[in-house]
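Since every read-out is calculated from the coordinates, none of them should be taken as a lab result. Here the structure is a predicted model, which is why all the values come from computation and not from measurement.
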Amino acid sequence: QVQLVESGGGLVQPGGSLRLSCKASQIIRSIFPIDWYRQAPGKERELVASIGSDGSTNYVDSVKGRFIISRDNAKNTCYLQMNSLKREDTAVYYCYIAAMGVWGQGTLVTVSS
């Protein structure tokens, strides 16, 4: 069973940047789309960004123009570059591969001054 491990979360001031990483324990076939979700306190988990096998990307409206999702299949890693962070981006961020039904454990991002 493949495992996903997120890293890169932490405390950042509004307007700052973070890059999250999601590393798979096994080779992830390039055909599998990878998603980043987040869950803020008291809210439902929401889809933030997705990247397809062809590199196509999709974003929730609230992060368009600020977040960039990418993948490095050779490193079995997916990234989420988060720029111009806002307080409302505070959440636990999870990566997910639907084709395998696998979630990571999550990494906490806190945007606060």
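Send over the Kirkwood Rh of the chain, from the inverse of the averaged 1/r over different Cα pairs, rounded to one decimal Å.
On the way: mean 1/r = 0.0719 Å⁻¹.
Hydrodynamic radius (Kirkwood, Cα pairs) of the chain is 13.9 Å.
With a 10 Å cut-off between alpha carbons and a GNM built on the chain, which of Arg66, Arg38, Arg19 moves the most?
Arg66
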